[in-house]
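Reviewing the structure listed below.
The values are calculated or read from the model by the stated rules, or taken from the named source; none is laboratory data. What you are looking at is a predicted structure, and each value in this text was computed from that prediction instead of being measured. Every residue, glycine among them, receives a Cβ derived from its backbone with ideal geometry; neighbour counts consider all protein chains shown.
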Amino acid sequence: MKTSSANCTECGSGLEITCRACHACGLELHGAMPFPRLARLSYEERRLAEDFLLTAGNLSELARQYQLSRPTMRLRIDALLESLQNLRSADEQHSRTLLDQVEAGQTTPERAARILRELQP
């Protein structure tokens, strides 16, 4: 099983985006930036999500492409949905933690606002 693109290929720990750059003008943004939710899915989950979208959600067509029964494909889609819901719940908890940190003076409102924007799908 391939890991998520949000995980280190050497040790499997979570990676963090620390720089974004515009190749046209040279602008660089530095700091901790979370990966989008879909990027945190495993390779197989991302592939299934893409194939699901490309078949317009047609489970019969998707099952045919994967050479699986429709009920088995439904179980895989349900597992994908559960993974996404778990990531969403983790993001919501992280948002609450950030707001608590602002309230306690442990982080700035500007930093928290930037991170919260990044967590939005």
### Task
Would you check if there is a residue in region 68-80 being farther than 25 Å from residue 18 by Cβ, under 13 Å from the mean Cα position of the chain (by Cα) and modelled with pLDDT of 95 or more?
yes
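Is it true that residue 91 is among the acidic types (Asp, Glu), modelled with pLDDT of 90 or more and surrounded by 13 or more Cβ atoms within 10 Å (Cβ to Cβ)? Steps first, please.
On the way: among the acidic types (Asp, Glu): yes; modelled with pLDDT of 90 or more: no; surrounded by 13 or more Cβ atoms within 10 Å (Cβ to Cβ): yes.
Here the answer is no, as residue 91 does not meet what is asked.
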### Summary
Within region 23-39, the residues that are within 12 Å of residue 118 (Cβ to Cβ) and either part of a loop (DSSP other than H, G, I, E, B) or β-branched (Val, Ile, Thr) (or both) are 34, 35, 36
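Any residue that is of a type in the set (S, T, N, Q), without any contact (Cβ under 8 Å) to a residue 60 or more places away in the chain and either surrounded by 14 or more Cβ atoms within 10 Å (Cβ to Cβ) or over 30 Å from residue 50 (Cα atoms) (or both) - is there at least one of those in region 75-86?
First pass over region 75-86, keeping only residues of a type in the set (S, T, N, Q): 83, 85-86.
Within this subset, residues satisfying the condition of being without any contact (Cβ under 8 Å) to a residue 60 or more places away in the chain are 83, 85-86.
Now narrow it down to the ones that are either surrounded by 14 or more Cβ atoms within 10 Å (Cβ to Cβ) or over 30 Å from residue 50 (Cα atoms) (or both): 83.
Yes, there is a match, as at least one residue in region 75-86 is of a type in the set (S, T, N, Q), without any contact (Cβ under 8 Å) to a residue 60 or more places away in the chain and either surrounded by 14 or more Cβ atoms within 10 Å (Cβ to Cβ) or over 30 Å from residue 50 (Cα atoms) (or both).
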### Message
Given the criteria surrounded by 12 or more Cβ atoms within 10 Å (Cβ to Cβ), under 16 Å from the mean Cα position of the chain (by Cα) and either of a type in the set (Asp, Glu) or at pLDDT below 95 (or both), does residue 50 qualify?
### Response
no
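Report the residue count in region 6-21 for those that are part of a strand (DSSP E or B) and not aliphatic (A, V, I, L, M). Even if it seems obvious, please write down each step before you answer.
Here is the first cut: in region 6-21, the residues part of a strand (DSSP E or B) are 7, 14, 17-21.
So of that shortlist, the ones also not aliphatic (A, V, I, L, M) come out as 7, 14, 18-20.
Of the residues in region 6-21, 5 are part of a strand (DSSP E or B) and not aliphatic (A, V, I, L, M).
The rows are residues; the columns are (1) modelled with pLDDT of 95 or more; (2) within 24 Å of residue 76 (Cβ to Cβ); (3) surrounded by 13 or more Cβ atoms within 10 Å (Cβ to Cβ); (4) out of contact with any His (no Cβ under 7 Å at 6 or more places or on another chain).
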site	(1), (2), (3), (4)
21	no, no, no, yes
24	no, no, no, yes
27	no, no, no, yes
54	yes, yes, no, yes
61	yes, yes, yes, yes
#### Entry: So residue 11, is it of a type outside the set (Gly, Ala, Ser) and modelled with pLDDT of 90 or more
no
